Amino acid sequence: CGISGTVGWAAFLLAQQFLPVGSVFFSSFCIALFSQIFARRLHCPVTVFLIPGIYPSVPGAGIYRTVYYIIMGENALAGQYLLDTLTTAGMIALGIYIVDILWKLRKVH
């Protein structure tokens, strides 16, 4: 499980140099692929490897800042943090979803 987090963070740092916007997507894609492979090899559920790998990418600070600025009445900053948070969460979900679909298509053919 620790290796899953390491793979995700390494993929994020590598992609950050080339794709600043898509680095979270690339990271979650790599984690999901790693999770699928290791789940099959070790006969475990995919979530055993997926959750620890994705956890560092979850935009918890962005959610906190969004709520904080809403409470403080800074709607422009709250909107910016909300957009960043939703984008990050969407990229995480998209990376996992694409790997899941590709993995299932691979089994069909």
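The values are calculated or read from the model by the stated rules, or taken from the named source; none is laboratory data. Source: prediction; values computed, not measured. Using ideal geometry, Cβ is built from the backbone for each residue, glycine included, and neighbour counts are taken over all protein chains shown. We work out accessible area using only protein heavy atoms, side chains counted, and drop any ligands, DNA or RNA first. Shrake-Rupley method; radii C 1.70, N 1.55, O 1.52, S 1.80 Å.
Return the residues of region 32-72 that are in contact with a Leu (Cβ under 7 Å, 6 or more places away or on another chain) and of a type in the set (A, V, I, L, M, F, W, C); say none if nothing qualifies. The one that is in contact with a Leu (Cβ under 7 Å, 6 or more places away or on another chain) and of a type in the set (A, V, I, L, M, F, W, C): A32. Count of region 30-43 residues, restricted to those that are touching a residue at least 24 places away in the same chain (Cβ under 8 Å) and open to solvent by 60 Å² or more (accessible area, probe 1.4 Å), is 2. Taking region 3-29 as the range and being closer than 15 Å to V99 by Cα and surrounded by fewer than 19 Cβ atoms within 10 Å (Cβ to Cβ) as the test, no residue passes.
If we keep just the residues of region 1-52 that are outside any helix (DSSP H, G or I) and in contact with a helix residue (DSSP H, G or I) (Cβ under 9 Å, 6 or more places away or on another chain), which is modelled with the lowest pLDDT? Write out each step before concluding.
Within region 1-52, the first condition is being outside any helix (DSSP H, G or I), and the residues that meet it are 1, 19-22, 43-46.
Retained after the next criterion (residues that are in contact with a helix residue (DSSP H, G or I) (Cβ under 9 Å, 6 or more places away or on another chain)): 1, 19, 21-22, 44-46.
Working: C1: 79, L19: 84, V21: 76, G22: 88, C44: 92, P45: 94, V46: 93.
Among those residues, the one meeting the criterion is V21.
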